[in-house]
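Below is one structure, written out as structure tokens; the observations come after it.
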Amino acid sequence: MFILWTPYLIPFGFYTIYIMLDNDSTPRFLCLNDTNYSEWVLRMEAELIHKGLWTNVIEIVMDTEGKEDVDIKKEFETKLGKQSASKMAEAWAEMILRVDDGQLSHMRSKDPLEIWRDLQNVHCACGFATSLALHRKFLTAKKSDDQSMQSWIGQIRSQAFTIEEITGIEVSDQDKILALTMGLLPSYDPVIINFDAAPPESLMFNDVIA
């Protein structure tokens, strides 16, 4: 965390008082937009946890062991009623300050828990068409001529992560290997042939990377 100290001079009688204001406005990660929800939500959760604004503000912690559904619902409502107004306001402000203008229409509620759910509903469209489009983009990605292998592997992992976060569908090692190898330049064909000869049960994504 970077903290910038800004001096202010205030005359007070024969003295000058120096006040150092904490300017903790340096962005730690990109604001939420229409394409980066899967990365943003992970970092935003970490930010709220770091500032003590997650437990019983965004996530209501429940002990469900040995309890009936009625008791769980009652306890949940009780904890909702005991939420700290100041912490809710802080969590609301943290989220509002870390989104692009286009996301504000989804954040009209003053309840950070409701905002969190609304953003999830908006960005995690789990319809068949959305899932199909993400998988198609994943499997048809191509490594550019000037792109390093490290960058290409990172791109594949990032796209797989996005699919899993948005659709809730796990991307198998086989699909990751297909996306990784199908997007390679023809000069990598001899390497891919070696993979084809390997037993399927022994061919894991990390092995292909290595």
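Rule-based calculations on the coordinates, nothing more; no lab input. Computed from a predicted model, the values in this text were never measured in an experiment. Here the Cβ is made from the backbone with ideal geometry for all residues, glycine too, and neighbour counts use every protein chain on show.
Post the alpha-carbon centroid distance, the range 174-199 to the range 98-160, in whole angstrom.
Rounded to whole Å, the Cα centres lie 26 Å apart.
Could the peptides 111-124, 196-209, 148-161 be put in order, highest first, of the mean number of other beta-carbon atoms found within 10 Å of their residues? Please list the in-between numbers first.
On the way: 111-124: 17.0, 196-209: 10.7, 148-161: 15.1.
Output ranking for 111-124, 196-209, 148-161: 111-124, 148-161, 196-209.
So, counting K/R as plus one and D/E as minus one, what does the shell of residues with Cβ under 11 Å around VAL208 add up to?
Summing Lys and Arg as +1 and Asp and Glu as -1 gives -1.
Order the peptides 186-195, 86-95, 43-52 from the highest to the lowest mean number of other Cβ atoms within 10 Å of their residues.
Averaged packing, sorted descending, gives the order 86-95, 43-52, 186-195.
Excluding residues fewer than 8 places away in the same chain, name every one of the lysines whose C-alpha is closer than 17 Å to that of LYS176.
Within the straight-line cut-off, LYS176 pairs with LYS137, LYS142, LYS143.
For LYS87, give me every one of the lysines with a C-alpha distance below 23 angstrom, ignoring sequence neighbours fewer than eight places off in its own chain.
List returned: LYS51, LYS73, LYS74, LYS79, LYS110.
Put one equal scatterer on each alpha carbon of the range 37-123, apply the Debye formula with no solvent term, and list log10 I(q)/I(0) at q = 0.11, 0.12, 0.23 1/Å to two decimals.
Values returned for q = 0.11, 0.12, 0.23 Å⁻¹ are -0.33, -0.39, -1.15.
Around LYS51, under 10 Å between beta carbons, what's the net of Lys plus Arg minus Asp minus Glu among the other residues?
Working: positive: LYS87; negative: GLU47, GLU90, GLU94.
With Lys, Arg at +1 and Asp, Glu at -1, the neighbours total -2.
Using modelled amide H (1.01 Å from N, peptide plane; none on Pro or chain starts), what sits under 5 Å from the amide H of VAL99, excluding residues fewer than 5 places away?
Here LEU32 satisfy the definition.
Quick one: grab the alpha carbon gyration tensor of the range 89-210, order the square roots of its eigenvalues as a ≥ b ≥ c, and give me rounded if a/c is under 1.5, else prolate or oblate depending on whether a/b is larger than b/c.
Prolate, because a/c is 1.5 or more and a/b exceeds b/c.
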